[in-house]
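Student: Below is the structure I would like to discuss, written out as structure tokens.
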Amino acid sequence: MALREYRCAKCGATFERLIRSTDEERRVTCPECGERRVRRLISRFTAAGASRGQAAADGCGCGGSCACGRR
Ligand SMILES: [Zn+2]
């Protein structure tokens, strides 16, 4: 389940939708004009998750002095 942000290809309206399945994502339409061609925007939630993931990939920050396996 994810809150995603979209922009309508027709009228340019932006809106958020709570997506619970890929099937639901395929049925997203513009609330303003009903257009089905909507573009998914990079949400703030996705950006926050990406930065957290990057921090984890950098390791524990010990510089190789503990048992985390980082050299
Ligand atoms: Zn629209």
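Rule-based calculations on the coordinates, nothing more; no lab input. Quantities reported herein were computed from a predicted structural model and do not represent experimental measurements. With ideal geometry, Cβ positions are generated from the backbone for all residues, glycine too; neighbour counts draw on all protein chains shown.
Student: Collect residues whose amide H, placed 1.01 Å from N in the peptide plane, falls under 5 Å from the amide H of residue 41; neighbours closer than 5 in sequence don't count.
Tutor: Placed amide hydrogens put 5, 6, 7 under 5 Å from residue 41.
Student: By the scheme Lys and Arg +1, Asp and Glu -1, what is the net charge of all other residues having a beta-carbon under 12 Å from that of residue 29?
Tutor: +2
Student: What ³J(HN,Hα) values, in whole Hz, does the Karplus curve 6.51 cos²θ - 1.76 cosθ + 1.60 give for the stretch 21-33 when θ = phi - 60°, with x put for Gly and Pro?
Tutor: Each residue's phi maps through the Karplus curve to give 7, 5, 5, 5, 4, 5, 9, 5, 10, 5, x, 7, 10 Hz.
Student: Related question: Which order results if 28, 38 are arranged by neighbouring Cβ count within 10 Å, fewest first?
Tutor: Numbers: 28 16, 38 22.
Ascending Cβ contact count within 10 Å gives the list 28, 38.
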